[in-house]
Amino acid sequence: MSERETWLAALPVYNEVDYVDEILDKVVQYADHVLVVDDGSTDGTAERLAARSDVQVIRHAKNRGYGAALQTAFDYTRQNGFAGVVTLDCDGQHQPKRIPAFIDMARSADIVSGSRYLHHFEGDDAPPEERMFINRRITADLNRRLGLELTDSFCGFKAYRAEALAQFEITDTGYAMPLQLWVQAAASGLRVVEMAVPLIYLDLERSFGGALDHAETRLKHYNQVIDAEISRLCALGRHVTHATSGDSVCSHDAG
Ligand SMILES: Nc1nc2c(ncn2[C@@H]2O[C@H](COP(=O)(O)OP(=O)(O)O)[C@@H](O)[C@H]2O)c(=O)[nH]1
Ligand SMILES: [Mg+2]
């Protein structure tokens, strides 16, 4: 990398009035350019954001979902010519001080993905059982079917190079969006590396909203999104190859 790259830090936010200022006060210390995608908050978060002049804000008129908020951040990254974007959540689960390390690692990778299961940190919280179970199950499936080598497929703390974003056609607006993204990353042969991050759970009662709060329903939904995305790409004649065996996932993929 010759000249200094300009990176964006982007936070999807929905009803985070308790955290938004505390988190952004830290983020602006580690990133020159900060975008907050306010996904239709109604709890006072919007007013807090309006009072700040140190961050860019894009507001969705109504709540559209975690995936939709990230898609808005990806579009903003490319439209404004950033070298890439570091995404992090705004609920205290991701430490802004790690932003520079993500950008550093993205010198030689297309996606740097935070992992809460790569390395144990002093003071790690215990993750809710079912969340850990579903994460491990889905991660194992993605690795088996696509030849990825992930240890955590759901961490929202990630760095994406703009060239990688150009490969994506994200349509999932909800919590399954990361899974559609992993299938597309594998199909595009993107260089993926993981960065160990602490396990922080401040609010074990947080809801996914509606049916997804039911673990089995959520697991089934996640598997359906992966199946559908692999079938969609195969139907488009995209050569989805298994990253380690090199075999075509399309012909072999028995789901
Ligand atoms: N719950 C929820 N969070 C959203 C939504 N849109 C954006 N977000 C933000 O997305 C981030 C991740 O959401 P969170 O519920 O903490 O996901 P989890 O930590 O993976 O369970 C947080 O910063 C939220 O404020 C949405 O529609 N629902
Ligand atoms: Mg969270």
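The values are calculated or read from the model by the stated rules, or taken from the named source; none is laboratory data. Here the structure is a predicted model, which means the values were calculated and not measured. Using ideal geometry, Cβ is built from the backbone for each residue, glycine included, and neighbour counts are taken over all protein chains shown. Remember, those area values only see protein heavy atoms, side chains included, never the ligands or the DNA or RNA. Shrake-Rupley method; radii C 1.70, N 1.55, O 1.52, S 1.80 Å.
What the table shows:
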read-out: Farthest toward positive dipole pole in region 7-251 [+1 Lys/Arg, -1 Asp/Glu at C-beta], among Val197, Leu148, Pro127; value: Leu148
read-out: Of all accessible heavy-atom area on the chain, the percent that carbon and sulfur account for (1.4 Å); value: 49
read-out: Heavy atoms of Glu16: accessible area, 1.4 Å probe, square angstrom to 10; value: 10
read-out: Per principal axis, descending, Cα span of region 66-195 in whole Å; value: 40, 34, 27
read-out: Rounded to the nearest 10 Å², the accessible area of His119 at probe 1.4 Å; value: 100
read-out: Two-site FRET efficiency, Ser207 against Gln56, from Cβ-Cβ distance with R₀ of 22 Å, rounded to 0.05; value: 0.20
read-out: Across the chain: Cys residues that no other cysteine approaches within a C-beta distance under 4.7 Å; value: Cys90, Cys155
read-out: Accessible area (Å², per residue) of the chain, counting only protein heavy atoms and a probe of 1.4 Å; value: 47
read-out: Furthest towards positive pole of dipole, Ile230, Thr173, Gly246, structure part the chain, Cβ charges; value: Gly246
read-out: Lys, Arg +1 and Asp, Glu -1 on Cβ, resulting dipole of region 77-161 about Cα centre, debye, nearest 20; value: 420
read-out: HN-Hα J in Hz across region 21-31 - Karplus 6.51, -1.76, 1.60, θ = phi - 60°, x for Gly and Pro; value: 6, 4, 5, 5, 4, 7, 4, 5, 7, 10, 9
read-out: Cut-off under 5 Å, modelled amide H: who pairs with Leu118 long-range; value: Val197
read-out: Electrostatic dipole magnitude of region 7-251 [Cβ: Lys, Arg +1; Asp, Glu -1; Cα centre; debye, to 20]; value: 820
read-out: Under the Karplus curve 6.51 cos²θ - 1.76 cosθ + 1.60, θ = phi - 60°, whole-Hz ³J(HN,Hα) for region 41-52, x wherever Gly or Pro sits; value: 4, 10, 9, x, 4, 4, 5, 4, 5, 4, 7, 9
read-out: Most to least accessible of Thr72, Thr217, Thr42 (protein chains only, probe 1.4 Å); value: Thr42, Thr217, Thr72
read-out: Distance cut-off 35 Å, percentage of C-alpha pairs in the chain lying past it; value: 11
